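Comments concern the structure below.
Read-outs throughout are calculated quantities, based only on the coordinates presented, and are distinct from any laboratory measurement. Every value quoted in this text rests on a predicted model; they were computed, and no experiment measured them. We place every Cβ from the backbone using ideal geometry, glycine too, and count neighbours over all the protein chains shown.
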Amino acid sequence: MSGLRRPLIAGNWKMNGLRADGEARARELARRAGGADAPPCDWVLCPPAPLLPVVAAATTGSPIGIGGQDCHPEASGAHTGDVAAAMLADAGCRWVIVGHSERRADHGESDALVAAKAQAAHAAGLVAIVCVGETEAERDDGRAHAVVARQIAGSLPRGASAANTVIAYEPVWAIGTGRTPTPDDVQAMHAHIRACVPAGIDAGALRILYGGSVKPGNAAQLLRLPDIDGALVGGASLAVEDFWAIGEATR
Ligand code: PEP
């Protein structure tokens with residue numbers, strides 16, 4: 001981490017949980033994050049859309065922000081099952097994840113669509129957490145840096161800035177697998193991302209998160225790297241103790 005950028009710990013609950021456990025988890029995290037001895041980081045929870053109201057209520061008045069897991073590029077209309085960025089903002093969100101590899105894979109999302117979603121997020125006043133990352137085959141072929149550079153070029157909309165955009169580097173092969181790249185590989189990729197963001201973005205102020213099997217046991221090792229500004233956490237964000245321990249690793 002660098003003293004220039006406040007660390008951000010974001011939890012992606014994916015399609016997990018019902019109201020009771022979501023509310024209990026959010027309430028306990030809000031209590032801890034509001035404490036005088038809380039770690040020096042920003043916290044974001046991204047629950048499934050139906051849980052947003054309950055998580056918003058449970059975290060009101062706390063330092064915890066909430067976010068959506070996706071948004072549609074258009075502001076409204078005939079798009080059954082989709083959620084507009086303004087609806088997320090109206091539900092209390094300040095953040096939204098776009099371009100998660102599960103959406104890129106499950107829904108065939110292209111870089112251009114991800115950029116359109118990020119642009120819609122910005123128009124609604126949300127910070128877009130734009131996910132990029134290579135597959136295992138791409139890494140094995142030595143193409144990881146080229147793939148991520150292409151994703152960055154295609155997935156960031158005009159108007160993206162360090163204030164309205166966070167990049168999450170999530171190697172696809174590390175998500176939910178318990179495997180992570182070496183710290184040297186993560187640092188090299190984050191430095192590469194910082195070097196290849198478009199000229200309009202203040203690269204020194206941009207937060208770049210690492211995501212992919214972040215756990216209490218590896219968080220400190222990853223978060224101490226100079227170009228890692230926090231974590232996007234999937235599985236470990238579903239357990240309060242684990243998610244909190246990852247935040248503690250930002251000290
Ligand atoms: C994710 O899906 O964003 C993620 C990082 O998942 P996990 O932490 O479970 O690998």
Worksheet item: Measuring from centroid to centroid over Cα atoms, what is the spacing of region 121-165 and region 56-81 in Å?
Response: 20 Å
Item to complete: Could you sort 227-238, 86-97 so that the peptide with the highest average Cβ count within 10 Å comes first and the rest follow in order?
Response: 227-238, 86-97
Item to complete: Quote to one decimal, in nm, the extra length available between ASP202 and ALA239 on full extension: 0.36 nm per residue of separation minus the C-alpha distance between them.
Response: 9.9 nm
Discussion item. If amide hydrogens are placed 1.01 Å from N in the peptide plane, which non-local residues have theirs closer than 5 Å to the one on ILE175?
Written reply: none
Worksheet, complete the sentence: If the chain between THR60 and ALA153 were fully extended at 0.36 nm per residue, the gain over the current Cα-Cα distance would be 29.9 nm
Worksheet item: Using +1 on the beta carbon of Lys and Arg, -1 on that of Asp and Glu, and nothing else charged, what's the dipole of region 8-248 about the Cα centre, debye to 20?
Response: 340 debye
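Residue separation times 0.36 nm, minus the C-alpha to C-alpha distance between LEU4 and ARG31: what's the value?
Numbers: separation 27, 0.36 × 27 = 9.72 nm, distance 2.70 nm.
So the chain would gain 7.0 nm between LEU4 and ARG31.
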Practice prompt. Compute the Rg/Rh shape ratio of the chain: radius of gyration over Kirkwood radius, all on alpha-carbon atoms.
Written response: 0.93
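What per residue convex hull volume, in Å³, comes out for region 202-243 when only alpha-carbon positions are used? Walk me through the intermediate numbers first.
Numbers: hull volume 2.9 nm³, N = 42.
For region 202-243, the hull spanned by Cα atoms encloses 69 Å³ per residue.
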Worksheet item: Amide H of ALA231: which non-local residues (sequence gap of 5 or more, or other chain) have their own amide H closer than 5 Å, using H built in the peptide plane?
Response: LEU8, ILE9, ALA10, TYR210
Worksheet, complete the sentence: Within region 159-180, the residues whose backbone N lies under 20 Å from a label point placed 7 Å from the Cα of ASP140 along the Cα-to-Cβ direction are 170-180
Worksheet entry | Estimated FRET transfer efficiency when R0 is 45 angstrom, pair SER76-ASP184 (beta carbons, to 0.05) | 0.45
Fill in: Sequence ranges 65-76, 26-37, 10-21, ranked by mean other-Cβ count within 10 angstrom, highest first
65-76, 10-21, 26-37
